[in-house]
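> Could you have a look at this structure, given as structure tokens, before my questions?
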Amino acid sequence: MLEQLKAYFGFDQFLPLQEEIIDKVLANRDTLVLMPTGGGKSLCYQLPALHFKGLTLVVSPLIALMKDQVDGLRANGVPAGLLNSTLTAQESAQIQDQAKQGQLKILYIAPERLALPGFQRFLHSLQVSLIAIDEAHCISEWGHDFRPDYRNLRSLRKEFPGVPVIALTATATTQVREDILNQLGLDKPEIFISSFNRPNLTYTIQPKTEPLGSLLNLLEKHQGGSTIIYRFSRKATEETAMELSDRGFSALPYHAGLDRDLRRETQEKFIRDQVQIVVATIAFGMGIDKPDVRLVVHYDLPKTVEGYYQETGRAGRDGLPSDCVLFYSYGDRSKQEYFISQIEDDDERDKAHTKLDQILALCDLQTCRRAYLMEYLGEPWPKTDCGSCDICMLPREEFDATEIAQKILSTSIRTGERFGVNYLVDVMRGANNKAVRDRGHHELTVFGICRDADSDDLKEMVRSLVTNGLLAQQGSGYPTLAVSAQGRRFLNDRETLTLTRPKQAAPVLQKSFDTSGRETAYDTRLFDELAALRLEIATEREVPAYVIFGNKALQQMAFHMPQNDQDFSNISGVGDAKLREFSAPFLKVITEYVQANSVAVTTARVPVSAPKKRANRGISTSIRETRYLVAQGMSLSEVAEQRGISETTIRSHLEKLVQEGGTVELDHLMPSEDRRTKIEAAFKEVGEARLTPIRDMLGEDYSWDEIAVVRLALRQEQADG
Ligand code: ADP
Ligand code: ZN
């Protein structure tokens with residue numbers, strides 16, 4: 001099995017539970033697999049599929065993803081196909097033929113197919129060895145994504161008695177788990193539940209003061225990294241996307257109110273790295289299987305802890321360090337309380353309140369966020385210090401809160417213990433508004449006792465008095481605050497109160513890049529070059545970049561700098577097929593880089609470039625620099641020389657720019673009119689997907705640069721027109 005793991009998938013080891021699961025599947029047992037996003041579920045049926053004689057059927061509701069999954073398998077040399085509504089009748093017939101003739105090992109099907117007359121007959125003409133049900137929670141009405149078509153799976157189970165079924169999901173709740181088992185009618189299933197902790201994610205929750213500024217800082221740090229920003233309302237997604245675009249970021253909005261085709265297009269662009277940031281409502285997520293999302297921001301308070309866990313879970317599927325940041329404010333809290341108060345059903349409203357309290361507790365936490373999350377998911381968590389949440393990372397300091405606590409409690413008492421946090425803070429800050437004047441509270445001694453305090457800070461303080469039991473919250477919706485017995489004791493006995501707060505205002509996000517071990521010391525410039533080559537190949541093949549290689553593979557290349565096939569094959573993600581196909585172009589870039597920078601080969605196994613500041617690590621900075629230099633009138637070779645990277649890379653920078661709708665100053669790079677016409681004619685004849693046939697046609701007299709520049713101009717014109 002290990003041999004096949006390396007040969008097909010390029011991995012040396014199994015991830016936790018994979019081997020045990022595969023063992024059972026190969027023994028023809030029914031299995032249920034609960035693993036978090038990024039846990040490596042696909043391999044649990046893909047590897048057995050290679051072992052079995054017949055075909056493995058994979059049912060998946062994520063039509064948008066099927067093609068990428070199949071492309072990924074094919075790139076690894078696994079014969080795979082798909083059947084869903086995106087195919088033409090002809091394509092569909094062709095795949096069915098291949099399946100019947102036993103030419104496929106894996107066939108992805110959309111669940112709605114099962115209801116089509118004739119499809120069962122087709123299935124019975126196949127030799128089915130294994131049935132995999134991906135996103136199995138879709139069968140449950142308890143889950144967050146019920147699909148009626150999934151109910152047909154029960155009959156599928158009956159039609160193929162004796163064929164093992166493996167059901168997989170990232171939803172952990174027991175209710176859903178039971179439902180899957182019942183609905184699918186699994187036969188004495190082996191159940192595998194892996195830890196839902198996501199060690200490569202850093203959790204940060206910070207006050208929503210100047211959120212846009214904080215967001216820009218975060219994006220600066222994650223330049224070039226795919227980012228999802230969640231917002232509460234449709235309108236807000238559009239506003240934020242606009243604000244970011246205005247500042248030169250590549251950002252698009254996404255919400256259920258947008259046209260279907262537009263949504264699909266946006267999703268597609270995100271997956272293919274043609275847009276870096278998607279600002280979305282929670283409608284965006286299902287079907288986003290992008291492994292290299294580096295940052296997930298909750299710009300507004302999420303409704304539930306489950307939601308928060310699911311949405312942050314979309315970061316870092318590839319196992320590389322990624323950041324999850326939530327901005328939290330009293331305003332958001334009140335907004336949600338308002339919405340909840342509008343719910344008519346008493347039960348529903350209470351439930352929503354409980355959920356809100358749970359997420360607020362997460363925000364208010366003074367202890368490890370991860371521990372809270374794990375406990376919430378019902379998983380024992382031994383450690384109290386995870387080392388990668390803002391609480392564990394930030395040194396906290398104690399401060400004497402006696403005086404401020406006295407002021408808050410006195411204000412509550414003087415105003416009759418009938419008001420909520422906003423009103424208390426208004427009185428303390430001496431707000432001269434109608435509500436205060438009408439009640440005569442502007443004449444109280446406590447009116448304006450904290451005139452200069454920041455309103456959010458004060459609200460935080462009030463909140464932590466609630467957390468610490470000195471104030472008691474009453475009622476729901478807009479709860480009022482009263483001084484608790486403990487609070488009265490504190491006042492009467494003149495006790496002191498010590499609380500903790502973060503030592504620095506801003507969390508140290510950069511840290512997440514430094515805790516991930518050796519390979520963070522990879523050479524970032526070489527990484528950029530390899531990423532550019534990857535993009536070029538991916539674009540030619542019309543697949544997402546990660547189908548060629550994941551970031552981890554590129555980081556390892558930029559760290560170990562392999563210079564022959566043997567060493568190249570040791571890189572994670574390089575199996576036989578990718579070794580055959582891609583070693584030559586990637587080795588070329590690495591070898592040239594090593595020579596050009598006279599990096600001694602003997603140093604290849606120690607960190608090569610000192611891990612300096614990482615501010616410029618993303619490819620987009622690099623691309624911007626290229627654009628800048630070209631706009632200065634430099635030729636491609638001059639830019640390449642100045643920057644110390646290959647011309648191929650410079651060319652691919654420009655391609656990416658144009659692909660993203662940017663413009664590049666090309667006039668000074670254009671060949672003469674007559675050469676240009678010849679090149680254009682060649683493109684017309686052969687198509688413009690690849691450069692090699694054009695060069696072959698035109699002969700050595702034409703340079704790659706000329707050809708590439710003409711293609712860029714053509715594309716730019718197409719984009720303009
Ligand atoms: P899930 O479906 O559980 O979210 P995936 O099957 O997409 O997870 O796998 C997550 C990532 O882990 C993918 O990038 C995959 O290539 C990688 N992966 C899977 N198995 C292994 C392994 N044994 N070693 C290294 N990486 C792996
Ligand atoms: Zn922690």
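The values are calculated or read from the model by the stated rules, or taken from the named source; none is laboratory data. None of these values were measured; they are calculated from a predicted model. Here the Cβ positions follow ideal geometry from the backbone for every residue, glycine too, while neighbour counts run over all protein chains shown. Protein only, heavy atoms only, side chains kept; ligands, DNA and RNA dropped before computing areas. Shrake-Rupley method; radii C 1.70, N 1.55, O 1.52, S 1.80 Å.
> Over the stretch 621-720, what is the mean sequence separation of C-alpha contacts under 8 Å (at least six apart), divided by residue count, expressed as relative contact order in percent?
On the way: 75 pairs, mean separation 26.9, N = 100.
Relative contact order here is 27 percent.
> For residue 226, list long-range residues whose amide hydrogen, built 1.01 Å from N in the peptide plane, is under 5 Å from its own amide hydrogen.
294
> From zero outward in steps of 10 Å, how is the percent of C-alpha pairs of the stretch 550-594 spread across the bins?
P(r) for the stretch 550-594, in whole percents per bin: 31, 64, 4.
> Relative to 2.2 N^0.38 Å, what does the C-alpha radius of gyration of the stretch 524-610 come to as a ratio? Two decimals please.
This ratio for the stretch 524-610 stands at 1.02.
> Figure the gain on full extension for residue 433 and residue 596 (residue separation times 0.36 nm, minus the Cα-Cα span) and round it to one decimal in nm.
Details: separation 163, 0.36 × 163 = 58.68 nm, distance 6.99 nm.
Going from the current span to full extension adds 51.7 nm.
> Which angle between 0 and 90 degrees, to the nearest 10, do you get for helix 524-541 versus the longest principal axis of the chain when only C-alpha atoms count?
60
> What would the Debye formula give as log10 I(q)/I(0) at q = 0.09, 0.16, 0.17 Å⁻¹ for the alpha-carbon point model of the stretch 2-193, no solvent?
Summing over Cα pairs of the stretch 2-193 leads to -0.29, -1.00, -1.15.
> Also: For the chain, what's the relative contact order in percent, using C-alpha pairs closer than 8 Å and at least 6 residues apart?
Numbers: 1099 pairs, mean separation 85.8, N = 721.
This gives 12 percent for the chain.
> Given a Förster distance of 56 angstrom, what is the FRET efficiency for residue 116 paired with residue 397, based on the Cβ-Cβ distance and rounded to 0.05?
Details: r = 65 Å, r/R0 = 1.16.
Once rounded, the FRET efficiency stands at 0.30.
> Output the relative contact order of the stretch 1-145, whole-number percent, from Cα pairs under 8 angstrom with separation of 6+ residues.
Numbers: 165 pairs, mean separation 38.9, N = 145.
Answer for the stretch 1-145 is 27 percent.
> How much FRET efficiency would the formula 1/(1 + (r/R0)^6) give for residue 181 and residue 146, where r is the Cβ-Cβ distance and R0 is 22 Å, rounded to 0.05? Intermediate values should be presented prior to the final figure.
Values: r = 16 Å, r/R0 = 0.74.
My answer for the efficiency is 0.85.
> Based on DSSP H runs of at least 4 residues, each adding -39500 (n - 2.57), what is the mean residue ellipticity at 222 nm of the chain after dividing by all its residues, to the nearest 500 deg cm²/dmol?
Calculated from helices alone, the mean residue ellipticity at 222 nm is -14000 deg cm²/dmol.
> Computing the accessible area with a 1.4 Å probe over protein heavy atoms, can you report the carbon and sulfur percentage for the stretch 2-193? Write down the numbers at each step before the final one.
Working: 3990 of 8040 Å².
For the stretch 2-193, the apolar C and S fraction of the accessible surface comes to 50 percent.
> If each residue of separation counts as 0.36 nm, what is the full-extension length gain between residue 247 and residue 261 once their alpha-carbon separation is subtracted?
Details: separation 14, 0.36 × 14 = 5.04 nm, distance 2.63 nm.
Computed gain between residue 247 and residue 261 is 2.4 nm.
> With +1 on the Cβ of every Lys and Arg and -1 on the Cβ of every Asp and Glu, and nothing else charged, how large is the dipole of the stretch 201-394 about its Cα centre, in debye rounded to the nearest 20?
Values: 24 positive and 32 negative charges, 97 e Å.
The dipole of the stretch 201-394 has a size of about 460 debye.
> Among 267-279, 416-428, how do they line up from the highest to the lowest mean number of other beta-carbon atoms within 10 Å? Don't jump to the answer; show the numbers that get you there.
On the way: 267-279: 22.1, 416-428: 20.2.
Ranking, from highest mean packing down: 267-279, 416-428.
> How large is log10 I(q)/I(0) at q = 0.10, 0.18, 0.20, 0.24 Å⁻¹ when the Debye formula is applied to the Cα atoms of the stretch 18-131, each weighted equally and without solvent?
For the stretch 18-131 at q = 0.10, 0.18, 0.20, 0.24 Å⁻¹, log10 I(q)/I(0) is -0.28, -0.95, -1.18, -1.59.
> If you fit an axis through the alpha-carbon atoms of helix 673-686 and take the longest principal axis of the Cα set of the chain, what angle between them do you get, 0 to 90°, nearest 10?
Value to nearest ten degrees: 90.
> While we're here: Counting each pair of different Cα atoms once, what's the Kirkwood radius of the stretch 271-402 in Å, rounded to one decimal? Numbers along the way, then the final one.
Numbers: mean 1/r = 0.0598 Å⁻¹.
Evaluated on the stretch 271-402, it is 16.7 Å.
> OK, next. Which whole-number value in Å² is the accessible area per residue of the chain, probe 1.4 Å?
Working: 32340 Å² over 721 residues.
The answer is 45 Å² per residue.
> After finding the eigenvalues of the alpha carbon gyration tensor for the chain, what semi-axes result from the square roots of 5 times each, listed largest first in whole Å?
Numbers: eigenvalues 485, 244, 117 Å².
Square roots of five times the eigenvalues give 49, 35, 24 Å.
> Sorted by average packing, counted as other Cβ atoms within 10 angstrom per residue and highest first, what order do 670-677, 90-97 take? Show your work: numbers first, answer last.
Working: 670-677: 12.5, 90-97: 14.0.
By packing density, highest mean first, the sequence is 90-97, 670-677.
> Below 12 angstrom from the Cβ of residue 450, what's the summed charge of the other residues (Lys, Arg +1; Asp, Glu -1)? Let's see the in-between values first.
Details: positive: 407, 429, 451, 459; negative: 403, 426, 452, 454, 457.
Neighbourhood net charge equals -1.
> Can I ask one more? Rg (Å, one decimal) plus Dmax (Å, integer) for the alpha carbons of the stretch 621-720?
Calculated on Cα positions, Rg and Dmax stand at 13.0, 36 Å.
> Starting from the 7 Å offset along Cα-to-Cβ, what nm value, one decimal, do you get for the label separation of residue 495 and residue 445?
2.3
> Right, here's the next one. So, counting K/R as plus one and D/E as minus one, what does the shell of residues with Cβ under 13 Å around residue 482 add up to? Before the final figure, lay out each step's value.
Numbers: positive: 414, 418, 488; negative: 417.
Charge balance near residue 482 sits at +2.
> So which aspartates and glutamates pass the test for residue 158, namely a Cα distance under 12 Å, with those fewer than 8 places away in the same chain ruled out?
Cα-Cα hits under 12 Å: 187.
> Which order do the peptides 122-131, 288-297 take when ranked by the mean count of other beta-carbon atoms within 10 Å per residue, highest first? Each step should come with its number before you reach the end.
On the way: 122-131: 17.0, 288-297: 22.0.
Packing order, densest peptide first, comes out as 288-297, 122-131.
> Do any of 41/335; 188/303; 335/434 go past 32 Å between their Cα atoms, and which?
Working: 41/335 38 Å; 188/303 37 Å; 335/434 22 Å.
Violating the 32 Å Cα-Cα cut-off are 41/335; 188/303.
> OK, next. How compact and how long is the stretch 137-188, expressed as Rg and Dmax of its alpha-carbon atoms in Å?
Cα radius of gyration and Dmax of the stretch 137-188 are 10.7, 31 Å respectively.
> Sticking with this one: Taking 1 over the mean of 1/r across every pair of different Cα atoms in the stretch 397-502, what Kirkwood radius in Å do you get? Can you show the working numbers first?
Numbers: mean 1/r = 0.0723 Å⁻¹.
Computed over Cα pairs of the stretch 397-502, the Kirkwood hydrodynamic radius comes out at 13.8 Å.
> Moving on to the next point. Taking the Cα centre of the chain as origin, work out the dipole magnitude from +1 charges on Lys and Arg Cβ and -1 charges on Asp and Glu Cβ, in debye rounded to 20. If you can, show how the numbers build up before the last one.
Values: 86 positive and 101 negative charges, 238 e Å.
Result for the chain is approximately 1140 debye, rounded to the nearest 20.
> Please compute the net charge surrounding residue 103, taking Lys and Arg as +1 and Asp and Glu as -1 over other residues with Cβ under 14 Å from its Cβ.
+3
> Express the carbon and sulfur contribution to the solvent-accessible surface of the stretch 524-610 as a percent, rounded to the nearest whole number, probe 1.4 angstrom.
Details: 1800 of 3550 Å².
The C+S portion of the solvent-accessible surface of the stretch 524-610 is 51 percent.
> Separate question: Using a probe of 1.4 angstrom, how much of the accessible area of the stretch 621-720 is carbon and sulfur, in percent? Walk me through the numbers on the way to the answer.
On the way: 2310 of 5090 Å².
Of the solvent-accessible surface of the stretch 621-720, carbon and sulfur hold 45 percent.
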